[in-house]
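Report on the following structure.
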Amino acid sequence: MKKRAFSMTEIMVALVIMAVLIVPIVNNMRQSSKKTQKMGKKLMALALAENLISHLELYYSKKSQPLEDKEEVFPTVNDLMNAMFFQTNADITKVINSNYHGFIPKYILEKDGKYPDRIMKVTVEIYWKEKSGNRMIKYIGEVVK
């Protein structure tokens with residue numbers, strides 16, 4: 001009885017076939033990972049914009065002064081929170097710095113044409129950098145006094 005074994009040619013053909021199949025799968029996984037990271041940044045920026053509008057509404061609803069047009073840019077999210085007089089303890093500051101590191105918030109307040117003393121149009125822009133370039137989202141809402 002003869003012993004059967006794979007020849008070197010058969011092994012090489014099998015390796016080539018496996019390599020041809022594995023390369024596209026690995027590339028697809030890498031691209032998926034990059035897109036997930038980019039989408040995560042966008043979602044963080046969107047959450048930050050929504051929170052900023054909520055905080056602005058709360059901040060301006062308590063002010064007795066008349067509403068006025070305003071535009072501000074802050075180097076960090078922490079600077080924004082401090083400028084709006086939010087009480088932040090050390091734990092919250094750590095969370096803000098770790099979660100929103102690299103985001104640059106900007107907001108623009110404009111008086112509403114119909115109700116200038118009660119309603120402000122808020123445009124929040126959040127900027128951040130990625131390897132492919134600078135990114136930005138714009139979120140528009142209203143602050144009612």
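Mind giving me the FRET efficiency for residue 76 and residue 22? R0 is 41 Å, r the Cβ-Cβ distance, nearest 0.05 is fine.
E between residue 76 and residue 22, to the nearest 0.05, is 0.45.
By count of other Cβ within 10 Å, fewest leading, how are 3, 38 ordered? Don't skip to the answer; put the middle values down first.
On the way: 3 4, 38 14.
Fewest to most other Cβ atoms nearby, the residues stand as 3, 38.
How far, in nm, would the chain grow between residue 14 and residue 39 when pulled straight, counting 0.36 nm per residue and subtracting the alpha carbon separation?
Values: separation 25, 0.36 × 25 = 9.00 nm, distance 3.80 nm.
Here the answer is 5.2 nm.
Could you list 123, 9 so that the one with the fewest beta carbons within 10 Å of its beta carbon is first and the one with the most is last?
9, 123
At 0.36 nm per residue, and after removing the present C-alpha to C-alpha distance, how many nm does the segment from residue 138 to residue 58 gain when stretched out fully? Before the final figure, lay out the partial values.
Values: separation 80, 0.36 × 80 = 28.80 nm, distance 2.03 nm.
Net length gain for the segment: 26.8 nm.
Packing-wise, with mean Cβ within 10 Å as the measure, how do 111-118, 46-53 rank, highest first? The partial results should precede the final answer.
On the way: 111-118: 11.9, 46-53: 17.8.
Those peptides, ordered most packed to least, come out 46-53, 111-118.
Every number here is computed from the coordinates shown, using simple stated rules; none is lab data. Quantities reported herein were computed from a predicted structural model and do not represent experimental measurements. Because the Cβ atoms are built from the backbone with ideal geometry, glycine has one as well, and the counts that use them run over all protein chains shown.
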